[in-house]
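*Asks:* Below you'll find the structure I mean.
Coordinate-derived values only; no laboratory data. Not measured: the values here are computed from a predicted model. Cβ placement follows ideal geometry from the backbone for every residue including glycine, while neighbour counts extend to all protein chains displayed.
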Amino acid sequence: MAARQTSDIIIIGGGIVGSALAYFLTSSDDGKKVTVIDRAFEQLKGSTGNAPGFVGQFNESEVLTRLAIDSVKEYLKIPGGLDPVGGLEIATSDAGLEKLNWRQTTAKERGLEARIVSAKEAAELAPDLVKPNHVAALHFPGDGTADGAVIAAFYQSEARAQGAELLEADVTKIHRDDGRVTGVATSAGFIEAQTVILATGIWAQTLADFDIPVPVIPVAHPYMFGEHHEPKPYKSPFVRYPEHQVYTRDHGTFFGLGSYNHKPQAEKPKETAFGNWLEEFDSMLDRALKLIPEKTNLTPREKYNGIFSMTPDNMPLVGEIPAAKGLYMAAAVWITHAAGSVKFLTQMLRGETVDAVVRKALDPTRFQGQDLKSLERESLHCYNSIYTTHESS
Ligand SMILES: Cc1cc2nc3c(=O)[nH]c(=O)nc-3n(C[C@H](O)[C@H](O)[C@H](O)COP(=O)(O)OP(=O)(O)OC[C@H]3O[C@@H](n4cnc5c(N)ncnc54)[C@H](O)[C@@H]3O)c2cc1C
Ligand SMILES: *[C@@H]1O[C@H](CO)[C@@H](O)[C@H](O)[C@H]1NC(C)=O
């Protein structure tokens, strides 16, 4: 028999969410042992490894806006973590501009710098990605692009230096006894712990045999890389075309583009957060590429289906799971909100007073009493309105 393994806190999942959580939990010297378990740490298998990393802080949800502002503050401390290139939203119609006007006013009320710029100025800010003939644009100078893999690796090594253990194994079950968590069964044996946090991203449902529905719905999402180019002598903000559900950025030596403008497609994730490329994605990319200036000559060199999670209200699930004492989760969290979300969870885990509004908005039990099938339908429906998030009140 192997020696009994124990930890105070087990985090399942070493993507940006689990890794950041390990870092913030080990940042105090409360002497608690933290173990992060993932199937692989070097080459991330989850969404964090293949996300293009757009970080737009303004969100219709006030809670998400706050979490994003907090996350950006953290990522700016990490070498290579976040490039503050700014973000541009392009209006291609008067109705689109009306939306941007609302977004600008609301963003400013929330303390974010945001300005409406002319179509010409937008094209000057991002000459390779924006034609000069649109209606107008909204510029967020404080936004940027994040490197999820760099951020996760940074938090992992800092957490390890602060005493966390990183264990490569497959977790097969969360054990509970008499209403409380007792540990997890893994491919490397049983590990005892009084506190377990699920940070398993698109795999959240696999281990969630709780008595509440966990509507973390994995969906297909197409992204493409263009041919390599010489690095530009200027940095362009990332660009979104909300009316067309298209977004694009310069990755330095190539451009990238993604789109939500297709029928939502649920996925059953296997080993990694990559799914099969769907035929309908091709015509959709063709349409999206028409938005890009011709001189850029953006053509796909590589295309992939990257899987991430949707929820019925487009909000993450972060907090306590009442099925067992000591059980928590942090899933459907975007890179944009990851550091802020896990700082909130860290306060909760330490028994500190947390912001009641954030707690309610992210509460993983908020779908209690609803059936998973309808929740899945609602989540898929949300996919096409990903630029409009509704906070439940
Ligand atoms: C194509 C694409 C584009 C995106 N664009 C953006 C964007 O522009 N901006 C943005 O903010 N976000 C974006 N996202 C979303 C973002 O990538 C994710 O929300 C975020 O990375 C989720 O992090 P995570 O740590 O929760 O999950 P993951 O990174 O998926 O990590 C979960 C980890 O859990 C591990 N795991 C799961 N089950 C087990 C088990 N049983 N035992 C052991 N380990 C387990 C996995 O191996 C994995 O490493 C995008 C995602 C994709 C795929
Ligand atoms: C707001 O956040 C949600 C959840 O992370 C995301 O799906 C949505 O795209 C965000 N909205 C904007 C406009 O960035």
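*Asks:* Could you work out how far the C-alpha centroid of segment 232-280 sits from that of segment 37-112, in angstrom?
*Replies:* Between the Cα centres of segment 232-280 and segment 37-112 lies a distance of 15 Å.
*Asks:* From the residues ALA153, PRO316, PRO237, which one has its Cα farthest along the dipole of the chain in the positive direction, the dipole being from +1 and -1 charges on Cβ of Lys/Arg and Asp/Glu about the Cα centre?
*Replies:* Towards the positive end, the residue furthest out is PRO237.
*Asks:* I would also like to ask the following. Straight-line reach from LYS303: which aspartates and glutamates have a Cα under 18 Å away, not including same-chain ones fewer than 8 places off?
*Replies:* Output for LYS303: GLU227, ASP250, GLU267, GLU279, GLU280, ASP282, ASP286.
*Asks:* If one computes P(r) from the Cα atoms of segment 113-230, what percent of pairs lie at distances over 20 Å? Before the final figure, lay out the partial values.
*Replies:* Details: 4729 of 6903 pairs.
When every Cα pair of segment 113-230 is considered, 69 percent fall beyond 20 Å.
*Asks:* For the chain, what does the convex hull of the Cα positions come to per residue, in cubic angstrom?
*Replies:* Working: hull volume 54.8 nm³, N = 393.
Given the Cα convex hull of the chain, per-residue volume reads 140 Å³.
*Asks:* Something else: Just tell me which aspartates and glutamates come within less than 17 Å, Cα to Cα, of LYS32; anything on the same chain fewer than 8 places away is out.
*Replies:* Within the straight-line cut-off, LYS32 pairs with ASP8, GLU158, GLU165, GLU192, GLU352.
*Asks:* With springs only between Cα atoms under 10 Å apart, run a GNM on the chain and tell me which of GLU294, GLU279, GLU320 wobbles the most.
*Replies:* Largest GNM mean-square fluctuation: GLU279.
*Asks:* Under a GNM of the chain (C-alpha, springs under 10 Å), which listed residue has the highest mean-square fluctuation: LEU125, LEU76, LEU138?
*Replies:* Sorting by GNM fluctuation, first place goes to LEU76.
*Asks:* Here's something else I'd like to know. Kirkwood Rh and Cα-based Rg: tell me the resulting Rg over Rh for segment 1-100, rounded to two decimals.
*Replies:* Numbers: Rg = 18.8 Å, Rh = 16.9 Å.
Taking Rg over the Kirkwood Rh, I get 1.11.
*Asks:* In addition: What is the magnitude of the charge dipole of segment 86-135 about its Cα centre, with +1 placed on the Cβ of each Lys and Arg, -1 on the Cβ of each Asp and Glu, and no other charges, expressed in debye to the nearest 20?
*Replies:* Dipole about the Cα centre, nearest 20: 100 debye.
*Asks:* While we're looking at this one, here's another question. May I ask you to order 337-343, 99-105 by the average number of other C-beta atoms within 10 Å around their residues, highest value first?
*Replies:* Numbers: 337-343: 27.7, 99-105: 16.4.
Averaged packing, sorted descending, gives the order 337-343, 99-105.
*Asks:* Please state, as a whole number in µm²/s, the translational diffusion coefficient that the Stokes-Einstein equation yields for segment 260-393 at 4 °C and 1.567 mPa s, with Rh defined as the Kirkwood radius across alpha carbon pairs.
*Replies:* In µm²/s, the coefficient is 74.
*Asks:* Which value at 222 nm does the chain reach when only helices count, each DSSP H run of 4 or more adding -39,500 (n - 2.57), with the total divided by all residues and rounded to the nearest 500 deg cm²/dmol?
*Replies:* Value at 222 nm, helices only, nearest 500: -8500 deg cm²/dmol.
*Asks:* Let me ask something additional. Which entries of LYS270/LYS373; LYS45/LYS173; LYS131/LYS232; LYS99/LYS131; LYS73/LYS131; LYS73/LYS232 show an alpha-carbon separation above 25 angstrom in the structure shown?
*Replies:* Working: LYS270/LYS373 21 Å; LYS45/LYS173 19 Å; LYS131/LYS232 17 Å; LYS99/LYS131 20 Å; LYS73/LYS131 32 Å; LYS73/LYS232 27 Å.
Going by Cα-Cα distance, LYS73/LYS131; LYS73/LYS232 fall outside the 25 Å limit.
*Asks:* Pop out the ³J(HN,Hα) list for segment 35-46 in order, Karplus 6.51 cos²θ - 1.76 cosθ + 1.60 with θ = phi - 60°, rounded to Hz; leave Gly and Pro as x.
*Replies:* 10, 9, 10, 9, 5, 7, 9, 4, 10, 4, 8, x
*Asks:* Further, regarding this structure: Could you calculate the FRET efficiency of HIS175 with GLU121 from 1/(1 + (r/R0)^6), where r is the beta carbon distance between them and R0 is 56 Å, rounded to 0.05? Provide the component values of the computation, followed by the final result.
*Replies:* Numbers: r = 59 Å, r/R0 = 1.05.
Plugging the Cβ-Cβ distance into 1/(1 + (r/R0)^6) gives 0.45.
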